[in-house]
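Worksheet: one structure, shown below.
The values are calculated or read from the model by the stated rules, or taken from the named source; none is laboratory data. Please read these numbers as outputs of a predicted model, since none were measured by experiment. Cβ placement follows ideal geometry from the backbone for every residue including glycine, while neighbour counts extend to all protein chains displayed.
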Amino acid sequence: MKISIVVASCNRPTFLQNMFLSLVHTTIGFPLEVVSVIDWDEYSMDIAYNYSNVMDFSYKRRGALWAWNRGLQISTGDIIVPAGDDQLFYENWLDYALASHQDRLQGYGVVGMNDLAYDGNTQLATMFLFDREYCRKEMGGIFAPPAYHYYCVDSEWNAKAISLGKFYWDSRSQVEHLHSAHGKRPVDSHDLERQENNYMELDNKTFEERKAQGFPVTWEPLI
């Protein structure tokens, strides 16, 4: 069983390096495929080359959601783990998550991981993994629905999987999200751009509309 770690990054080379180091140190012995989609920043591209099996680089800024979708499209793993530069993987995170995927979900569904900020049972699992078959059948073969600007992709994955009885939050599987909202990194240009364009309010509205509609699949599959 191959596991694809799909990484999207732009202009956060120090965070990216630390993320990769934590990934390498906590996944020894696992059959990993690391797929990196990097925008604009050659320094980050050079870092990603040292850790990646598959690379997609552009001097244009294509955006995080586009990057994760592209990463999914060019991945080949049975298990998909969307990843960003502002996170850290802790010991045994993958052992726990894979065990829960098999034992709690019978190998089909979404395992929420502990981002050390939210309770995935009562709030939100911002970090999660899923199997390729679930993505194809339930999410229309895409990671980030094109209705969103940036936010609420995780909310839709959580909510839809919960509605299908195919979500399990594993508090043991720790993948820390170093987000500025939790004071774990400085606010940067990406955060400011999203604030200035009011993406959170727009995407929250879209999420509620899509939730009321039962999260319809209105796109062509990427896988």
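Suppose the filter is within 14 Å of residue 175 (Cβ to Cβ) and outside any helix (DSSP H, G or I); does residue 5 pass it?
On the way: within 14 Å of residue 175 (Cβ to Cβ): yes; outside any helix (DSSP H, G or I): yes.
Yes: the conditions hold for residue 5.
Could you please find all residues in the range 79-135 being part of a loop (DSSP other than H, G, I, E, B), among the hydroxyl-bearing types (Ser, Thr, Tyr) and farther than 18 Å from residue 152 by Cα? If you could, list the steps in order and put the result at the bottom.
Of the range 79-135, the ones part of a loop (DSSP other than H, G, I, E, B) are 85-86, 90-92, 104-109, 115-126.
Next, only the ones that are among the hydroxyl-bearing types (Ser, Thr, Tyr) stay: 90, 108, 118, 122, 126.
Answer for the range 79-135, where residues must be part of a loop (DSSP other than H, G, I, E, B), among the hydroxyl-bearing types (Ser, Thr, Tyr) and farther than 18 Å from residue 152 by Cα: 90, 108.
Name the residue that is surrounded by the fewest Cβ atoms within 10 Å (Cβ to Cβ), counting only residues in the range 78-127 that are at positive phi and not polar (S, T, N, Q). So that I can check it myself, show each step before the final result.
Initially, the range 78-127 is screened for residues at positive phi, giving 92, 106-107, 109, 116.
Going one step further and asking which of them are not polar (S, T, N, Q), we end up with 107, 109, 116.
On the way: 107: 15, 109: 23, 116: 17.
Per the criteria, the residue is 107.
Identify, from the list 65, 16, 72, the residue that is under 16 Å from the mean Cα position of the chain (by Cα), at pLDDT 95 or above and surrounded by fewer than 23 Cβ atoms within 10 Å (Cβ to Cβ). Walk me through how you get there before you give the answer.
Numbers: 16 fails: surrounded by fewer than 23 Cβ atoms within 10 Å (Cβ to Cβ); 72 fails: surrounded by fewer than 23 Cβ atoms within 10 Å (Cβ to Cβ).
Sole residue among the options that is under 16 Å from the mean Cα position of the chain (by Cα), at pLDDT 95 or above and surrounded by fewer than 23 Cβ atoms within 10 Å (Cβ to Cβ): 65.
Among the residues of the range 7-35, which ones are touching a residue at least 24 places away in the same chain (Cβ under 8 Å) and within 21 Å of residue 191 (Cα to Cα)?
The answer is 7, 8, 9, 10, 11, 12, 13, 15, 16, 17, 18, 19.
Any idea how many residues of the range 102-120 are in contact (Cβ under 8 Å) with a residue 24 or more places away in the chain and either closer than 13 Å to residue 172 by Cβ or among the acidic types (Asp, Glu) (or both)? Step through it out loud before you land on a result.
In the first step, residues of the range 102-120 are kept if they are in contact (Cβ under 8 Å) with a residue 24 or more places away in the chain; the result is 104-105, 107-117, 119-120.
From what's left, either closer than 13 Å to residue 172 by Cβ or among the acidic types (Asp, Glu) (or both): 104, 111-116, 119-120.
Number satisfying all stated conditions: 9.
What is the one condition in (1) without any contact (Cβ under 8 Å) to a residue 60 or more places away in the chain; (2) touching a helix residue (DSSP H, G or I) at 6+ places or on another chain (Cβ under 6 Å) that residue 89 does not satisfy?
Result: residue 89 passes all but (1).
Select from the range 169-213 the residues that are among the small types (Gly, Ala, Ser) and either assigned to a helix (DSSP H, G or I) or in contact with a His (Cβ under 7 Å, 6 or more places away or on another chain) (or both) and write down the one among them that is surrounded by the fewest Cβ atoms within 10 Å (Cβ to Cβ). Spell out the reasoning first.
First, the residues of the range 169-213 that are among the small types (Gly, Ala, Ser): 171, 173, 180-181, 183, 189, 212.
Applying the additional criterion that residues be either assigned to a helix (DSSP H, G or I) or in contact with a His (Cβ under 7 Å, 6 or more places away or on another chain) (or both) yields 180-181, 189, 212.
On the way: 180: 14, 181: 10, 189: 10, 212: 8.
Filtering first and then ranking leaves 212.
Looking at the range 25-52, which of the residues that are of a type in the set (S, T, N, Q) and surrounded by 15 or more Cβ atoms within 10 Å (Cβ to Cβ) is farthest from residue 3 (Cα to Cα)?
Here is the first cut: in the range 25-52, the ones of a type in the set (S, T, N, Q) are 26-27, 36, 44, 50, 52.
Adding the requirement that they be surrounded by 15 or more Cβ atoms within 10 Å (Cβ to Cβ) leaves 26-27, 36, 44, 52.
Details: 26: 14, 27: 10, 36: 14, 44: 22, 52: 13 Å.
Selected residue: 44.
What number of residues in the range 123-152 are without any contact (Cβ under 8 Å) to a residue 12 or more places away in the chain and either in contact with a strand residue (DSSP E or B) (Cβ under 9 Å, 6 or more places away or on another chain) or of a type in the set (Lys, Arg) (or both)?
Initial filter on the range 123-152 (without any contact (Cβ under 8 Å) to a residue 12 or more places away in the chain): 123, 137.
If we keep only those that are either in contact with a strand residue (DSSP E or B) (Cβ under 9 Å, 6 or more places away or on another chain) or of a type in the set (Lys, Arg) (or both) as well, we get 137.
Total meeting the criteria: 1.
Please verify whether the range 160-168 includes one or more residues that are in contact (Cβ under 8 Å) with a residue 24 or more places away in the chain, within 19 Å of residue 220 (Cα to Cα) and in contact with a Pro (Cβ under 7 Å, 6 or more places away or on another chain).
Within the range 160-168, not a single residue is in contact (Cβ under 8 Å) with a residue 24 or more places away in the chain, within 19 Å of residue 220 (Cα to Cα) and in contact with a Pro (Cβ under 7 Å, 6 or more places away or on another chain).
Failed condition for residue 161, given (1) surrounded by fewer than 18 Cβ atoms within 10 Å (Cβ to Cβ); (2) among the aliphatic types (A, V, I, L, M); (3) modelled with pLDDT of 95 or more, with all others met?
For residue 161, the exception is condition (1).
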